[in-house]
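What follows is one structure encoded as structure tokens, with my remarks underneath.
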Amino acid sequence: MFNYLIKRLIYSIPILIGITVITFSVMYFTPGKPTDMIADFNIKVTSEAKERLVALYGLDKPVHVQYWNWLRRVVVLDFGSSFKDGRPASQKILERLPATVLLNVLSILLMLIIAVPVGIYSAVRRYSLLDRILTVIVFICFSVPAFWVALLLMIVVGLWLGWLPISGLTSFNFENLSLFGKVLDLAKHLILPLIVSTLGSFAVLSRYIRSGMLDVLKQDYIKTAYAKGLSKKQVIFNHALKNALLPLITIVGLSIPGLIGGSFIIETIFSYPGMGRLGYDAIMARDYPVIMGIGVISAFLTLLGNIIADVLYSTADPRIRYK
Amino acid sequence: MKVKNKTLKSKNNNCYLLIVICSLFLFSCSSKEFQQQEIVSDNSSPVYGDAFITAIGSDVSFMNPILASDSPSGSVNAMIFNGLIKYDENFNLTCDLAESFDVSDDGLIITFNLRKNVKWHDGEPFTAKDVKFTYDVLVDTNTKTPYSSSFMLVKELKIIDDYTIKVYYDRPFAPNLESWGMSIVPEHVFRGHDFNDAPANRRPVGTGPYKFESWQTDQKIVLAANPDYFEGKPFISKYIIRVIPDSSVQFLELRNESLDSITLTPDQWHAYESFFKHYDKYRHPTFTFTFLGFNRLRKPFDNNEFQKAIELAINKKDVIDGVLLGTGIEINGIYPPQSWAYKELPNSEYNPEKAIEILLSLGFKDINNDGYLEYNGKPFEFTITTNQGSKQRELSAQIIQQHLKKIGIKVNVRIIEFSTFINQYIAKRDFDAVIIGWSTTFDPDQYSLWHSQQTAPRQYNFLSYNNPKVDKLFEDARTTFDIEKRKKMYHEIQDIMYEDPPCIFLYCPDSLTALHKRFRGVKDAPIGVGYNFIEWWTPRSEIKYSF
């Protein structure tokens, strides 16, 4: 097991480097320069001034030199400075992380809390009235566009009822609030983004669990359990549930990079200062250091998530053992 | 300051942990964040207090006017910094940090006498050294500024004494004076730092009416009234800018009265009156114009007759009604009516029959009766390219597509992401037609847009417009300081361009603003409402926020 882990970690290094090479080249071959947003189509900026900026950002060097310069700095965890505002890319990313992780962790928890019972109920009571109703609700949740639900909730809960703030992460007077006041303020701002970001993912997950559970319920050992005379409750919770939840490991493992990924749409609508907006803005502005920083961190977390999921699998499922 | 921030941050982290627990109780508590003050008193004389809350679509990049080039940064920096001169409400150059200024008769020397009572926000006096420093960083090749060009023309900048500056030029250049509207930055704050990433770029020290207080990235910026401002302390105590990327969310926040002012989109402008119960709406023409331009390096787009036929077939009023819902004006030249260089000329007519006549005379004919004209016997179509992200340009392209279909011209519309659009299409001259707009300076010098020498890949005459008379007039006008003489030249340019238009001018959109009614002292001027912000105030009984 230990050897396996070491091997996996060592294999990850070339993969990680490969990912950075691909990201860097895709970015390099995308038309446009970071100086476009700063300087182009601005009548006050002449072409000489533009050339000067290009040289100052080191963009006139050949691509392999640019990549090598970047890689040399990354080894010592220096992701360079953002072209947009001159601040270190790592600082910009770190400053977004708490808000993003907060929203996503809460969202995943909420998703599990809702999706698991709904999925199990739907499987056990298949084709019952409630199962059908739940199925309809789940498909509605899955199909409605997030931005539409978000705007609707903002109008109803924020504007008409005035219960919750419409957008943002904190109120103006946040600094002056007591600790309890701060928690309350933050929580109020989080409710709407949380509902919207959970809506789609909960729907998907509950369907996974429903079908997983249905598969398990058809197995011979379930029949055996019933034959032994166990109660339905015991069969479902002691025998079926554990096995039906196995795919959850993969899903949660794969959602680790999503924890820091953020969602551009939800963050934009709720004016939420998260990673999704940072990444999107960086791409549109060709802010290479920030794009690469986010790319490396996401790649790292994806690999880590995969390894963790594999390890958890081997612990949870005795049929899988690594040598 | 730094230490304080750190403690706040760690407190926030503690908060995060508690939220799960608290979130269950939340729907029951629903008080508004701020308590309204209900004190009845005299409402006729200005009082200090209250806050003004506005929104920007994306965060500020640098709170350093030399480095920042995006418009959100511009609007925030304008509250914190001053230039030597500025434009007044009627677009005339007037004094700002300068007490007076003088341009020598040959236009080669500009003398500025500086105000003596000005202090930086940290208490240091403002002197000629700061002006010299600002000039030095602007021309320093290591400074990441896009604004170096106007200052590269300076031969020498001399400090005469603490409050007098003389700027020498090799050649007379009329827009030189305007360039000194550039904000002045403090020497003592940047001394010993790399200008490009000095701490002051995020914690600015300026001379303006508002002092920097706090900046939470991508959330909000708080500015506080500067009690020592040389034109008097502003009445509104705080100026708060929230970052709200989505314009419909900005509008919701406005309806919720949690924002005091936003820029409206045309459809928001036309929303039900009840939405604006607490707001006044202001509408101003802007120094921008949107046009349909043809690539003159391709045939038949280089033919003025072809362009004229297309112009006759486009119903501009229809475009303005469809795209701007009427909140804009039809234009036929490069200057908006509020510019001193503007010359009134009759608008182009909408006459599709005449358009078809011209096209037939150029060799267009519908041979195979498919409803579309063929050119010299071959099928003809062209593509209008525009950048993604501008709803107005996309809509304009679609409306024009419909108009041209009526006269049998097949048009495709292609919408490309901004950077790609510039690099792959504009810079490489790989387009038939583009819809794009210019946001111009108040000074009418548009040499860089239309002069035939400005056609290198990254220069701005990408339509390859070439008219020697226009070239000459632009050259002469930018070296003439006498306004009346300049005006005559620009009128002549407009006359020539009327006969030989560089493109099809479409419209000039209005800027649309909503502003909360509680503010008094607001003056509606040609330049817009914000220009006298320091004189705005709210009556005591209507003060919404207290600190």
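Can you give the angle from 0 to 90° between the axis of helix B:483-499 and the longest principal axis of chain B, with both taken from C-alpha atoms, to the nearest 10? For B:483-499 against chain B, the angle is about 40 degrees. Among all the aspartates and glutamates, which ones have a C-alpha under 16 Å from B:K410's C-alpha, if same-chain residues fewer than 8 places away are not counted? Hits, sequence-local ones excluded: B:E311, B:D366, B:D370, B:E374, B:E381, B:D432. Electrostatic tally near B:P379: other residues with Cβ closer than 11 Å to its Cβ, Lys and Arg +1, Asp and Glu -1, net -2.
Taken residue by residue and averaged, Cβ atoms of other chains lying within 10 Å of the Cβ of A:281-291 number 2. Distance between the pseudo-spin-label points of A:Y226 and B:S71 (7 Å out from Cα toward the beta carbon): 6.8 nm. Aspartates and glutamates within cross-link reach of B:K343: Cα-Cα under 17 Å, excluding same-chain residues under 8 positions apart? Qualifying aspartates and glutamates at Cα under 17 Å: B:E330, B:D443, B:D445, B:E484, B:E492, B:D495, B:E499, B:D500. For the listed residue pairs A:K50/B:K428; A:K44/A:K92; B:K354/B:K391; B:K354/B:K406; B:K86/B:K238; A:K44/B:K166, the alpha carbons are over 19 angstrom apart in A:K44/A:K92; B:K354/B:K391; B:K86/B:K238; A:K44/B:K166.
Of all DSSP beta bridges confined to the range B:272-429, the antiparallel ones make up roughly 35%.
Computed from backbone phi with θ = phi - 60° and the Karplus coefficients 6.51, -1.76 and 1.60, the 3J(HN,Hα) list for the range B:126-139 is 8, 9, 4, 4, 5, 5, 4, 4, 4, 4, 4, 5, 5, 8 Hz; x is used for glycine and proline. Counting Cβ atoms of other protein chains within 10 Å of each residue's Cβ and taking the mean over peptide A:163-176 gives 6. Each peptide among B:290-296, B:462-468 gets the average number of other Cβ atoms lying within 10 Å of its residues, and from highest to lowest they stand as B:290-296, B:462-468. Taking amide H atoms as placed 1.01 Å from N in the peptide plane, the amide H of B:I384 lies under 5 Å from those of B:N412, B:V413, B:R414, each 5 or more residues away in sequence or on another chain. Comparing B:T538, B:S258, B:L84 along the charge dipole axis of chain B, the residue lying farthest to the positive side is B:S258, per the Cβ-charge model. Can you spot the aspartates and glutamates whose alpha carbon is less than 18 Å from A:K228's alpha carbon? Ignore those fewer than 8 places along the same chain. Cross-link targets: A:D220. Of the peptides B:47-59, A:178-190, the order by per-residue mean of other Cβ atoms within 10 Å, starting with the highest, comes out as B:47-59, A:178-190.
Backbone geometry of the range B:329-335 corresponds, through the Karplus equation with coefficients 6.51, -1.76 and 1.60 at θ = phi - 60°, to 3J(HN,Hα) couplings of 10, 6, 10, 9, x, 8, 10 Hz, x marking Gly and Pro. About its Cα centre, the protein assembly as shown has a charge dipole of approximately 4500 debye under the convention of +1 per Lys or Arg Cβ and -1 per Asp or Glu Cβ, with nothing else charged. Distances between placed amide hydrogens fall under 5 Å for B:T286 paired with B:S511, all partners being 5 or more residues away or on another chain. Of the peptides B:333-345, A:121-133, the ranking by mean beta-carbon count within 10 Å, highest at the top, reads B:333-345, A:121-133. Among the residues of A:266-275, the average count of other protein chain beta-carbon atoms within 10 Å of the residue beta-carbon is 4.
From its DSSP helices (H runs of at least four residues, each -39,500 (n - 2.57)), the protein assembly as shown gives a residue-normalised ellipticity at 222 nm of -13500 deg cm²/dmol. In order along the range B:222-230, phi translates into HN-Hα couplings of 10, 10, 10, 4, 8, x, 9, 4, 5 Hz, rounded to whole numbers, per the Karplus curve 6.51 cos²θ - 1.76 cosθ + 1.60 with θ = phi - 60° and x for Gly and Pro. Axis of helix B:304-313 versus longest Cα principal axis of chain B: the two differ by about 70°, to the nearest ten degrees.
Less than 5 angstrom separates the built amide H of B:Y279 from those of B:K517, all sequence-distant by 5 or more or on a different chain. Counting Lys +1, Arg +1, Asp -1, Glu -1, what net charge surrounds B:I399 among other residues with beta carbon under 12 Å of its beta carbon? Taking every other residue near B:I399 into account, the sum is +2.
Percent relative contact order of chain A, based on C-alpha pairs within less than 8 angstrom and at least six residues apart? Once divided by the residue count of chain A, the mean separation gives 28 percent. Ordering A:F300, A:V311, A:V76 by the projection of their Cα atoms onto the charge dipole of chain A, which places +1 on the Cβ of Lys and Arg and -1 on the Cβ of Asp and Glu, puts A:V311 at the extreme positive end.
Fraction of C-alpha pairs exceeding 30 angstrom in chain B: 59 percent, rounded to a whole number. The relative contact order of chain B comes to 20 percent, based on Cα pairs under 8 Å that sit 6 or more residues apart. Classify chain A from the C-alpha gyration tensor, please: rounded if a/c falls under 1.5, else prolate or oblate depending on whether a/b exceeds b/c. It comes out oblate by the Cα gyration axes.
Bear in mind that the values in this text are calculations on the coordinates, not laboratory data. Please read all numbers here as calculations on a predicted model, not as lab measurements. Don't worry about glycine lacking a Cβ; one is built from the backbone with ideal geometry, like all the others, and counts go over all protein chains shown.
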